[in-house]
Amino acid sequence: MSLDAKPRILQSNLDAKSAIVQSNLDAKPRILQSNLDAKPRILQSNLDAKSAIVQRHLAGD
């Protein structure tokens with residue numbers, strides 16, 4: 001690699017890293033919202049499963 005190419009390569013790497021960081025920042029609110037949206041369904045599913053286990057236990061199964 002020539003010394004002339006090094007600054008261009010470093011700039012290209014910096015530009016690519018900046019784009020990746022920006023993409024991650026852009027995606028984070030959507031990911032967090034998706035997690036918030038899913039949490040009540042997950043909690044309800046866990047509650048339903050635990051309730052079924054308790055019901056079976058109480059029924060003597």
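Suppose we filter the range 1-36 for residues that are open to solvent by less than 100 Å² (accessible area, probe 1.4 Å) and part of a loop (DSSP other than H, G, I, E, B); how many remain?
1
Would you please list the contacts, defined by Cβ atoms under 9 Å and residues six or more apart or on different chains, that run from a residue in the range 1-28 that is in contact (Cβ under 8 Å) with a residue 24 or more places away in the chain to a residue that is assigned to a loop (DSSP other than H, G, I, E, B) and not aliphatic (A, V, I, L, M)?
Nothing qualifies.
Can ASP61 be described as acidic (Asp, Glu) and modelled with pLDDT of 95 or more? Give the derivation first.
Working: acidic (Asp, Glu): yes; modelled with pLDDT of 95 or more: no.
So ASP61 does not fit the description; no.
The values are calculated or read from the model by the stated rules, or taken from the named source; none is laboratory data. Owing to the predicted nature of the structure, the values given are computational and were not obtained by experimental measurement. Reconstructed Cβ throughout: ideal geometry from the backbone, glycine too, with neighbour counts over all protein chains shown. These accessible areas exclude ligands, DNA and RNA; they are computed on the full protein's heavy atoms, side chains included. Shrake-Rupley method; radii C 1.70, N 1.55, O 1.52, S 1.80 Å.
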